[in-house]
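Visitor: Below you will find the structure I want to go over with you.
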2 protein chains.
Amino acid sequence: MNAPTISHINCADCPIRHRAVCARCESDELAALDSIKYYRSYEAGQPIIWSGDQMNFVGSVVSGIATLTQTMEDGRTQMVGLLLPSDFVGRPGRDGAAYNVVATTDLVMCCFRKKPFEEMMVTTPHIAHRLLEMTLDELDAAREWMLVLGRKTAREKIASLLAIIARRDASLTPGGAVNEMTFDLPLTREAMADYLGLTLETVSRQMSALKKDGVIALEGKRRVTVPDMGNLLEEAGDDSDGGFLM
Amino acid sequence: MNAPTISHINCADCPIRHRAVCARCESDELAALDSIKYYRSYEAGQPIIWSGDQMNFVGSVVSGIATLTQTMEDGRTQMVGLLLPSDFVGRPGRDGAAYNVVATTDLVMCCFRKKPFEEMMVTTPHIAHRLLEMTLDELDAAREWMLVLGRKTAREKIASLLAIIARRDASLTPGGAVNEMTFDLPLTREAMADYLGLTLETVSRQMSALKKDGVIALEGKRRVTVPDMGNLLEEAGDDSDGGFLM
DNA sequence: GCCTCGGCTTGATCCATGTCAAAGTGCTAC
DNA sequence: GTAGCACTTTGACATGGATCAAGCCGAGGC
């Protein structure tokens, strides 16, 4: 997970990775944000926030992966979001957390205490505006995922997830859209199942099927090569598609 | 659908029904909003916006029901939102619509042309702030619905939908939470199926089953009585639950 | 080198829900 | 009244994915 040294990651000099908060900020606003930020590290598997907890910060992921999940009393769980580097966590204006947030790899977050952050939102319209934009993006992504959960077959679901991760990976790697792509799956089969509303057995079977049909190739369990992205998108049953960027 | 006469519905004197935009606005801001608003009527079945269309207004539902849907090329469709009176439609800062919006009953909307509305957002922080809050609510609702779509059984899905509509209805009827409730289903079985990721036959069967088991009673096809809301919530497999307010 | 353990794969079987088909209900137009 | 139509219910059957169960693979510990 090539964790960057923390000194390289801050609001003033990493607007791309840190686009969640900073992309549109003016430099004096950046300095103001810098003055209230701090870093936190979590180990793989460690919970970051528990649903219903008081949440006294907002922030964005610097490195590592976290998941947002909801759980029913009987243990059925559904992942409702995947947090990759640069994604934002937090609900300005809300007290409690609505989901469980768990680090699935070692993870570093750049945090802002909630109170001062909210005060800044009032004084610097750029931040509030950017936050609205981000929330609209997440809403689009969540609704796109509703189509996946409600109407797609297991095979299409897997293909959709792979496409999202591939696209997301590509956007971090400058150079843009090539036809062939290779990336590491940041999720266990069980986590994929929780994302897709399937069982881990079905995920495993469909991965095998896609491999047999040449849609993907696997090195080990986690490293995926997609020989032809167009092919994968077709399997996913969608071409338009704005992606699931959270 | 007891459509109110239009003269009774405007931003200055109906803050409750119209809470989408007005709840927190100061009176001079209300006047400003009033100056750019206009009304539009749609007939049952009429599309309001087509996915991908340019969208030159935002607004909120005054009376009637509309649905947000996504459709795959082969015709599978998933409803991603249900718009009831007071709900907001629109994506300030975005050009194209992301979903199909269709009036399922005769419908009246209170609209604001997008450009002036966006200008007002810049000058009146209350509006921008309120909009962020609403978008966060919708995001929560969408994510809650992901759990329904991904992990609940057909029976639980139906119960969840009935619970949402009942709760929503109750919040419009002052008097608050009683144990017994009666309301009209604003959706056909097919629309329910599209919301729940089921077929209309399954919806019909599960409605019959819930009726046979005394969880609900039906007068005709559409009028539903819930003798015990607690019971229904238990069937839905959830008690906490913030509802699906869109 | 072998053991253990977590994650993954594969097989056999079951069942919830989809699919296809027919018939029922109630409303509107004539 | 009755013909037509949209919506709904119900039945019979098919099937995708869940469940239960066994075994595989690779990494780390001793």
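The values are calculated or read from the model by the stated rules, or taken from the named source; none is laboratory data. Every value quoted in this text rests on a predicted model; they were computed, and no experiment measured them. As a convention, Cβ positions derive from the backbone with ideal geometry for all residues, glycine included, and neighbour counts pool all protein chains shown. In case anyone asks, the SASA skips ligands and DNA or RNA and just uses the protein heavy atoms, side chains included. Shrake-Rupley method; radii C 1.70, N 1.55, O 1.52, S 1.80 Å.
Visitor: Name every residue in region B:46-70 that is among the aliphatic types (A, V, I, L, M), open to solvent by less than 20 Å² (accessible area, probe 1.4 Å) and in a strand (DSSP E or B), in order of residue number. Explain how you work it out, then say what you get.
Guide: Step one: of region B:46-70, the residues among the aliphatic types (A, V, I, L, M) are B:48-49, B:55, B:58, B:61-62, B:65-66, B:68.
Imposing the further condition that a residue be open to solvent by less than 20 Å² (accessible area, probe 1.4 Å) reduces the set to B:49, B:55, B:58, B:61-62, B:65-66, B:68.
Hits for region B:46-70 are B:ILE49, B:VAL58, B:VAL61, B:VAL62, B:ALA66, B:LEU68.
Visitor: Additional query: In this structure, is B:MET229 over 19 Å from the mean Cα position of the chain (by Cα) and either modelled with pLDDT of 95 or more or more than 16 Å from DNA strand D (Cβ to nearest atom) (or both)? Working first, answer last.
Guide: Working: over 19 Å from the mean Cα position of the chain (by Cα): yes; either modelled with pLDDT of 95 or more or more than 16 Å from DNA strand D (Cβ to nearest atom) (or both): yes.
It is true that B:MET229 is over 19 Å from the mean Cα position of the chain (by Cα) and either modelled with pLDDT of 95 or more or more than 16 Å from DNA strand D (Cβ to nearest atom) (or both).
Visitor: From (1) under 30 Å from A:VAL89 (Cβ atoms); (2) hydrophobic (A, V, I, L, M, F, W, C); (3) open to solvent by less than 60 Å² (accessible area, probe 1.4 Å), pick out the condition that doesn't hold for B:PHE112.
Guide: Here B:PHE112 meets the rest and fails (1).
Visitor: Here's another thing I want to ask about it. Does B:ALA170 satisfy the criteria of being touching a Gly at 6+ places or on another chain (Cβ under 8 Å), of a type in the set (A, V, I, L, M) and more than 14 Å from chain A (Cβ to nearest Cβ)?
Guide: Details: touching a Gly at 6+ places or on another chain (Cβ under 8 Å): yes; of a type in the set (A, V, I, L, M): yes; more than 14 Å from chain A (Cβ to nearest Cβ): yes.
Yes; evaluated as a whole, the condition is true for this residue.
Visitor: Now for a separate question. List pairs: first residue in region B:216-234 and under 14 Å from B:LEU161 (Cβ atoms) and within 14 Å of another protein chain (Cβ to nearest Cβ), second residue of a type in the set (A, V, I, L, M, F, W, C) and away from DNA strand D (no atom under 11 Å from the Cβ) anywhere in the structure, Cβ distance under 7 angstrom, at least six positions apart or on different chains.
Guide: What qualifies is B:LEU233/B:ALA163.
Visitor: Right, B:LEU198: within 14 Å of chain A (Cβ to nearest Cβ), outside any helix (DSSP H, G or I) and open to solvent by less than 50 Å² (accessible area, probe 1.4 Å) or not? Break it down into steps so the answer makes sense when it comes.
Guide: Details: within 14 Å of chain A (Cβ to nearest Cβ): yes; outside any helix (DSSP H, G or I): yes; open to solvent by less than 50 Å² (accessible area, probe 1.4 Å): yes.
Criteria met by B:LEU198.
Visitor: Is there a residue in region B:97-119 that is facing chain A (nearest Cβ under 10 Å) and within 30 Å of B:ALA193 (Cα to Cα)?
Guide: Yes: one or more hits.
Yes/no per residue for (1) at pLDDT 95 or above; (2) more than 9 Å from DNA strand D (Cβ to nearest atom); (3) touching an Asp or Glu at 6+ places or on another chain (Cβ under 6 Å):
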{"site": "B:LEU172", "(1), (2), (3)": "no, yes, no"}
{"site": "B:GLY176", "(1), (2), (3)": "no, yes, no"}
{"site": "B:LEU185", "(1), (2), (3)": "no, no, no"}
{"site": "B:THR188", "(1), (2), (3)": "yes, no, no"}
{"site": "B:TYR195", "(1), (2), (3)": "yes, yes, no"}
{"site": "B:ASP213", "(1), (2), (3)": "yes, yes, no"}
{"site": "B:ILE216", "(1), (2), (3)": "yes, yes, no"}
{"site": "B:ARG223", "(1), (2), (3)": "no, yes, yes"}
